[in-house]
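Q: Submitted below is the structure of interest, expressed as structure tokens.
Please treat every number below as a calculation from the coordinates, not as lab data. In this text the structure is predicted, and so the values were computed from the model without any measurement. Cβ coordinates were reconstructed from backbone atoms using ideal geometry, including for glycine residues, and neighbour counts include every protein chain displayed.
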Amino acid sequence: MNIHNTGKISITFVLIVSLVFGIWFYVGWPQIWQKPAIPPEVQKAQAATATYDFSICGTDCDTSADWWASQDDVDVFPFAGNTANRNDHVENTDAQYSAIASSNDTRHLTDDPSAQDEIFYWLEMKISEATSTISQLSFTFEGYEANASDFKIYVKKAGAAYEIDASWVLLGTQNIAAGTETTITFATSTNISDYIESTGKITWGVYQVDSTDAVNVDYVKMDVTYTPTFEQSAYRLFNNLDSTDVGTALAAQDTAATLGSTGAAFRLRMLLHIGANQLDVSGQTFKLQFAQQSGTCDTGFVDETYADVTAATVIAYNDNATPADDAALTANANDPTHGTDTIVNQTYEELNNFTNSQAAIPSGQDGKWDFSLKDNGATANTAYCLRAVKSDDTVLNTYTVIPEITTAAAAAATVSCSTNISSTSFGTWTDTSVKTSSPNASTTMSCSGTTSGCALYVKDAGNTASSGLATTSPASLIPSPNAAADASTTLVAGTEGYGIQATTTSAGLTIDSRYDQTGDIVGGLSLTDIIIASSTADITDAEVIVTHMAAISEATPPGIYEDTITYSCLVND
């Protein structure tokens with residue numbers, strides 16, 4: 001290589017390391033389905049059964065206006081429009097009431113009605129269920145007489161004159177063998193309201209067709225099949241506590257709350273008001289559901305589609321170490337209330353389903369449940385709605401409030417990087433061989449709180465118009481990586497070229513193919529940022545070592561050639 005005697009080539013790098021912080025927000029697809037075009041099918045509610053017999057009134061049956069039993073001697077039944085066809089109507093004694101109050105073979109033996117007369121066993125019972133919630137009335141007689149006879153069960157229309165034939169509806173007839181105690185049951189599921197007086201009283205009876213025979217009555221009862229009504233009536237959100245008690249309140253009653261951190265556990269205490277009818281112990285199973293809010297957490301569920309809360313959903317059940325699922329909850333002074341209603345404490349819940357296993361809930365009172373929940377990867381800074389439904393997915397009768405919890409805002413992802421040198425030098429060239437600057441540049445990079453990792457970028461200043469090693473006196477450029485500005489090239493002695501190689505031994509960090517080179521192959525630099533190395537997840541103290549290489553030709557003008565290189569690190573989008 002010919003070197004001009006009048007000068008020499010001195011090539012120096014000035015490395016400028018920039019530290020760039022990226023702010024990251026996770027933006028993902030909603031974790032639950034969007035509302036379908038048509039509403040889901042509403043399924044039938046589970047029903048309960050209430051049994052009414054004379055054990056309810058006990059020794060007060062004979063003084064109650066709502067309960068009655070008598071062994072009526074009748075000439076004919078129904079009464080053919082004539083009150084004279086009922087020969088007597090004398091209420092049972094306490095002993096007779098006791099005999100028919102249970103199925104125990106202790107019987108009330110009626111009087112012999114005498115020739116041409118029969119016994120109509122007249123019964124009146126008062127129910128507490130709302131008429132609109134009743135789906136069936138079922139009537140049972142257990143007994144017999146000395147001879148084989150047909151027994152008929154009738155129910156009377158409310159408010160109708162008893163002597164009118166049309167006032168009585170025959171539900172069924174069954175023959176009972178002579179002297180053989182038999183249970184017969186007949187029911188109706190139509191025109192229920194026809195039989196129930198405004199006080200809740202129902203009049204019915206058993207007609208023994210055979211004349212001149214007394215009747216042995218062991219037991220009579222009426223079963224009412226009904227659907228209790230439910231209202232989601234109040235709630236309050238709390239911090240979690242490893243206990244059947246709750247932590248401090250997150251917000252006032254019936255008020256939405258925001259979690260303090262990503263992945264936080266929390267508690268929901270919620271009331272279900274029992275409307276027209278008592279909910280017997282374990283009388284209904286429920287489950288908790290959630291939905292990503294659309295607009296507001298409204299009681300009509302507009303544009304929200306609810307899904308069951310599980311241990312794996314984005315709003316999930318939280319398994320505390322100490323309390324067991326379905327354990328009795330511990331009441332707290334900050335628990336929600338519902339006006340002046342009595343609150344019946346129920347259970348602590350870590351999984352669906354739940355029921356009122358602790359106690360029956362009378363009509364007009366509220367059951368209280370405690371749900372242990374957590375943010376399980378839900379979208380940051382997003383509101384979710386919660387509701388109870390029956391375990392068969394039937395919604396409750398009424399929703400007065402809808403609990404609302406908002407996840408914490410995403411924490412800003414952090415990224416940092418530093419380079420161990422501020423300059424590197426090729427020294428003075430005395431030939432045209434391929435040379436490596438000294439020292440190499442080592443950049444250490446870390447990032448956390450990301451979902452897709454981070455990357456190390458590089459760019460150079462060149463002569464501001466093109467990348468490369470530049471001198472201004474005289475104006476000259478050693479291009480990067482070659483005169484054609486290819487992505488990479490093999491440096492050759494005597495041909496101008498300049499670029500870098502990169503290596504790493506850090507797990508989770510990948511060198512870009514442009515710079516993952518060996519030997520005399522280098523990747524070209526650019527006036528704009530190019531990725532040198534990147535990760536797909538958080539990394540800590542990952543190291544990238546960059547080697548700077550160049551070659552000159554015999555025609556390269558002598559001078560001081562410089563380039564300014566900027567390294568930066570950013571969170572991946």
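Q: Calculate log10 I(q)/I(0) of segment 230-406 for q = 0.10, 0.14 Å⁻¹, where I(q) comes from the Debye formula with a single equal point scatterer on each Cα and nothing for solvent.
A: Here the Debye-derived log intensity ratios amount to -0.32, -0.66.
Q: Quick one: Karplus J couplings for segment 84-95, per residue in order, coefficients 6.51, -1.76, 1.60, θ = phi - 60°, nearest Hz, x for Gly and Pro?
A: Couplings: 5, 6, 9, 7, 8, 7, 9, 5, 4, 7, 4, 5 Hz.
Q: Still on this structure, please answer the following. May I ask you to compute the full-extension gain from Leu170 to Thr258, defined as 0.36 nm times their residue separation minus their alpha-carbon distance, rounded to one decimal in nm?
A: Values: separation 88, 0.36 × 88 = 31.68 nm, distance 6.17 nm.
The span from Leu170 to Thr258 would gain 25.5 nm if fully extended.
Q: Something else: Assuming R0 = 60 Å, what is the FRET efficiency of Asp393 and Thr518, from their Cβ-Cβ distance, to the nearest 0.05?
A: Numbers: r = 63 Å, r/R0 = 1.06.
Rounded to the nearest 0.05, the efficiency is 0.40.
Q: Expressed in whole Å with the largest first, what are the equivalent ellipsoid semi-axes of segment 425-573 derived from the C-alpha gyration tensor as the square root of 5 times each eigenvalue?
A: Numbers: eigenvalues 180, 43, 30 Å².
The answer is 30, 15, 12 Å, longest axis first.
Q: If each Cα of segment 48-226 is one equal point scatterer, what is log10 of I(q)/I(0) from the Debye formula at q = 0.14, 0.15 Å⁻¹?
A: At q = 0.14, 0.15 Å⁻¹ the computed log10 ratios are -0.70, -0.82.
Q: In a shell of Cβ-Cβ distance under 12 Å around Thr424, excluding Thr424 itself, what net charge do Lys and Arg (+1) and Asp and Glu (-1) give?
A: Surrounding charge for Thr424 is -1.
Q: Just to check I understand the Karplus step: with θ = phi - 60° and J = 6.51 cos²θ - 1.76 cosθ + 1.60, what whole-Hz values come out for segment 100-107, glycine and proline as x?
A: Running phi through 6.51 cos²θ - 1.76 cosθ + 1.60 with θ = phi - 60° gives 9, 7, 8, 8, 9, 6, 9, 10 Hz.
Q: Additional query: Any idea what the dipole of the chain comes to, in debye rounded to 20, about its Cα centre with Lys/Arg Cβ at +1 and Asp/Glu Cβ at -1?
A: With Lys and Arg at +1 and Asp and Glu at -1, about 3420 debye.
Q: So what's the Cα pair-distance distribution over segment 149-209, bin width 5 Å, in %?
A: 4, 17, 26, 21, 15, 10, 6, 1
Q: So how do Met445, Met549 line up by other beta-carbon neighbours within 10 Å, fewest first?
A: If I rank by nearby Cβ atoms, fewest first, I get Met549, Met445.
Q: Which far-off residues, 5 or more places away or on another chain, put their amide H under 5 Å from the one on Asn376, with H placed in the peptide plane?
A: Result for Asn376 returns Ile315, Ala316.
Q: Rank-order 180-190, 95-105 by packing density, defined as the average count of other C-beta atoms within 10 Å over each peptide's residues, highest first.
A: My ranking of the peptides, most packed first, is 95-105, 180-190.
Q: Further question on the same structure: List every residue whose amide H lies under 5 Å from the amide H of Thr305, counting only residues 5 or more places away in sequence or on a different chain, with H placed 1.01 Å from N in the peptide plane.
A: Lys35, Gln292
Q: With a 10 Å Cβ neighbour count serving as the proxy for reagent exposure, in which order, fewest first, do Tyr399, Tyr121, Tyr498 appear?
A: Final ranking by Cβ density, sparse to dense: Tyr399, Tyr121, Tyr498.
Q: Compute the distance in nm between two label points, each set 7 Å from the Cα along the Cα-to-Cβ direction, one at Ser438 and one at Asp529.
A: 3.4 nm
Q: Between Rg and the Kirkwood Rh of the chain, both from Cα atoms, what is the Rg to Rh ratio?
A: 1.39
Q: Another question about this same structure. Taking neighbour Cβ counts within 10 Å as the exposure measure, how do Glu496, Glu562 sort from fewest upward? Spell out each step's value before the answer.
A: Working: Glu496 23, Glu562 18.
The order, fewest Cβ neighbours first, is Glu562, Glu496.
Q: A further question on this structure: Of Ser211, Phe141, Tyr97, whose Cα points farthest to the positive end of the dipole of segment 48-226 (charges on the beta-carbon: +1 Lys, Arg; -1 Asp, Glu; origin at the Cα centre)?
A: Phe141
Q: If you don't mind, there's one more thing I want to ask. Report ³J(HN,Hα) in whole Hz for each residue of segment 303-312, in order, from the Karplus equation J = 6.51 cos²θ - 1.76 cosθ + 1.60 where θ = phi - 60°; Gly and Pro get x.
A: 6, 10, 10, 8, 10, 5, 6, 10, 6, 10
Q: Hey, another quick one. Taking a virtual spin label 7 Å from the Cα of Asp194 along the C-beta vector, which residues in segment 111-140 bring their backbone nitrogen under 18 Å of it?
A: 131-139
Q: Give me, ordered by chain and number, the residues 5 or more places off Leu109 or on other chains with an amide H under 5 Å from its own placed amide H.
A: Val217
Q: First measure r as the distance between the Cβ atoms of Thr185 and Thr63, then evaluate 1/(1 + (r/R0)^6) with R0 = 25 Å and state the FRET efficiency to the nearest 0.05.
A: With a Förster radius of 25 Å, E is 0.30.
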